[in-house]
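Take a look at the structure set out below.
The values are calculated or read from the model by the stated rules, or taken from the named source; none is laboratory data. Everything quoted here is computed from the prediction, not taken from an experiment. Glycine also receives a Cβ, built like all others from the backbone with ideal geometry; neighbour counts cover every protein chain displayed. When the accessible area is computed, the model is the full protein with side chains, heavy atoms only, and any ligands, DNA or RNA have been set aside. Shrake-Rupley method; radii C 1.70, N 1.55, O 1.52, S 1.80 Å.
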Amino acid sequence: RKRPTIGTHAPCTFPCWGRTLAMFAAGCRAPVQGISEVPTAWHGAFLPPPVQVTKIAGKNEGLTASRGLRKGETIFTEKPVASFSLSSTPHCSHCCRSLVTASHVRERLAQVHPGNDACTDCVAGESVSFARLDACWPELEAVSCTRCEESTYCSNHCMKAAAGYHALLCVGTESQEGTQERLALQDYVDAVSETADCLVKIKTFPGLVVKLVAMMLADARAAAAAEMGDEGPRESDPEIRSSEAGLDNDEDKKTQSLLEDAHEKVLAGMVGVEAAALPDYDYIGFRDAMARGMRLSEGERGWLRVTVVQTVFAVLCANAIRARPSCPFETYVKTLRATTPAQERMSMLDEVVGACRAVCRDSELPANRIDHAMWEVFGTEAACIYRLQCKCNHDCDANAQSVTYTLQDCTLDLVASKDIRAGSEICITYVDPEHTAGRRKRALKEMHGFECACNRCAANE
């Protein structure tokens, strides 16, 4: 039996609970090649989300509630199609989870607080440290690509999930020429990001575009290999073959057809902004840098037109959001609190507060700001795109909000911020609702390319 389409509220049938639960425990991410058949959005215990994708009058598609939703209810949870981070904090190259370890924490503390003899802020006999750091800080078995050692992952699962598109971007190629071309692509993306708009989200778009295009190419190559009866690289092979030579030039039309299918699979009908709202980039130069860096065949180059690159950028401008995965510091504090006897708990937490203030170089840092301050030091931030959440239209008086800080990867919860009646549209806000109507309108016009006509803006509230 086929699974129901995501976005419909129907009984959900899974062919194998064991496999599904295993995927859920690992993050419900896609297999190595192609797009996942497992739903990336769910409600509660693997139920289809109680929403429907509906044509909204005067708009494009939108989400409506298929039943009544209560304020505070999680409407659905969703994994991103792709995520990309420019964070200098060690993080997983696939899911952007922070990979900061207890050793990193000690190194950071040593840099800013070298000890009583070297630190002028120390009081005689004072000791600054994170209580029971090794016992309570979450440790990960991080793994790196065995060819380039530049891409690091939080697990073997993430490394395998990234293998298809990473093969097109890995700098550990067999030829020096291939390595230089891919390093040049990295440098080009970094340069474009540095000259981008000051918004953090915009700075991540070039890297996210490269990742999405590589996903499309990997999916098309896997489909071509399957049609030819070639099993291709297996999931268990960490050194997945890069297929640098591309596909046979005699198969250009077939190649482009497969790439069009892959393009539709990855972006799944997502709507982009108008051309006037696109960032001011050299799209021809960007396309050429990707074609050289990924060493595309003639058929693949013919598909990767400037308009394709602009389309991906347009989709990101309309739909990508900033995700802030939870910081390992939060897990550390929870574990410390749970494993420390009640009579020792306050002294332990006071010790942690002192260490946090030392790391942040702020002796007056309020205790209620420490979580955020430590996220700035040890957390990550990423630009992400979600297949179902992106169907939510904007309203300055939104009835739902996207939450991304509850798990350590970029998993998103869409949460009802008001009671929502069955059949009502589910809307989020694309801008800060506390800003004035004029400021909100300008931001929406510049970033998303449309004039807001919601009730709040109409009333100039």
| request: For region 277-296, state whether one or more residues are surrounded by fewer than 20 Cβ atoms within 10 Å (Cβ to Cβ), part of a helix (DSSP H, G or I), among the aromatic types (Phe, Trp, Tyr) and more than 20 Å from the chain's Cα centre (by Cα). | output: yes
| query | Out of region 416-461, which residues are open to solvent by less than 60 Å² (accessible area, probe 1.4 Å) and small (Gly, Ala, Ser)? | reply | ALA416, SER417, GLY423, SER424, ALA437, GLY438, ALA443, GLY449, ALA459
| Residue ID - farthest from VAL352 (Cα to Cα), chosen from residues in region 126-140 that are open to solvent by less than 70 Å² (accessible area, probe 1.4 Å) and modelled with pLDDT of 85 or more | PRO138
| query | Looking only at region 338-373, which residues are in contact (Cβ under 8 Å) with a residue 24 or more places away in the chain and of a type in the set (D, E, K, R)? | reply | GLU351, ARG361, ASP371
| request: Determine whether region 250-268 contains at least one residue that is open to solvent by 40 Å² or more (accessible area, probe 1.4 Å), out of contact with any helix residue (DSSP H, G or I) (no Cβ under 7 Å at 6 or more places or on another chain) and at pLDDT below 70. | output: yes
| field | The listed residue being in contact with a Pro (Cβ under 6 Å, 6 or more places away or on another chain) and open to solvent by less than 30 Å² (accessible area, probe 1.4 Å), out of ASP409, ASP413 | value | ASP409
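Find the residue count for region 202-232, including only residues that are open to solvent by 40 Å² or more (accessible area, probe 1.4 Å) and at pLDDT below 80.
So in region 202-232, the residues open to solvent by 40 Å² or more (accessible area, probe 1.4 Å) come out as 203, 226-231.
Checking the rest, the ones that are also at pLDDT below 80 come to 203, 228-231.
Residues meeting the conditions: 5.
Might you let me know whether region 47-59 holds any residue that is out of contact with any Pro (no Cβ under 7 Å at 6 or more places or on another chain), open to solvent by 50 Å² or more (accessible area, probe 1.4 Å), of a type in the set (Lys, Arg) and modelled with pLDDT of 85 or more?
Checked against the condition, which is being out of contact with any Pro (no Cβ under 7 Å at 6 or more places or on another chain), open to solvent by 50 Å² or more (accessible area, probe 1.4 Å), of a type in the set (Lys, Arg) and modelled with pLDDT of 85 or more, region 47-59 yields at least one hit.
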| said: Just to be sure I understand, how many residues within region 99-111 are of a type in the set (Gly, Ala, Ser) and open to solvent by 10 Å² or more (accessible area, probe 1.4 Å)? | reply: 2
| remark: Log entry, pairs with first residue in region 308-334 being closer than 20 Å to VAL403 by Cβ and in contact (Cβ under 8 Å) with a residue 24 or more places away in the chain, second being assigned to a helix (DSSP H, G or I) and among the basic types (Lys, Arg), beta carbons closer than 6 Å, six or more apart or on different chains, reads ARG322/LYS201
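Inside region 300-312, can you point out the residues that are in a helix (DSSP H, G or I) and of a type in the set (Lys, Arg)?
Within region 300-312, ARG301 is the sole residue that qualifies.
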| task | Output the residue which, of all residues in region 330-348 that are part of a helix (DSSP H, G or I) and crowded, with 17+ Cβ neighbours inside 10 Å, is modelled with the lowest pLDDT. | result | MET348
| said: Between a residue in region 266-289 that is under 19 Å from LYS445 (Cα atoms) and any residue that is open to solvent by 60 Å² or more (accessible area, probe 1.4 Å) and not in a helix (DSSP H, G or I), which pairs come within a Cβ distance under 9 Å, given they are 6 or more apart or on different chains? | reply: VAL271/ASN60; VAL271/GLU61; VAL273/PHE450; GLU274/PHE450; ALA277/PHE450; PRO279/ASP197; ASP280/ASP197; TYR281/THR195
| Are any of the residues in region 313-329 more than 24 Å from the chain's Cα centre (by Cα), in a helix (DSSP H, G or I), surrounded by 14 or more Cβ atoms within 10 Å (Cβ to Cβ) and not small (Gly, Ala, Ser)? | no
| field | Top-ranked residue of region 354-406 - restricted to ones that are open to solvent by 40 Å² or more (accessible area, probe 1.4 Å) and of a type in the set (Gly, Ala, Ser), ranked as modelled with the highest pLDDT | value | SER402
| request: Please name all residue pairs, on different chains or six or more residues apart, with Cβ atoms under 9 Å, provided the first residue is in region 160-185 and is farther than 8 Å from GLY293 by Cα and open to solvent by less than 20 Å² (accessible area, probe 1.4 Å) and the second residue is at pLDDT 90 or above and acidic (Asp, Glu). | output: GLY164/ASP219
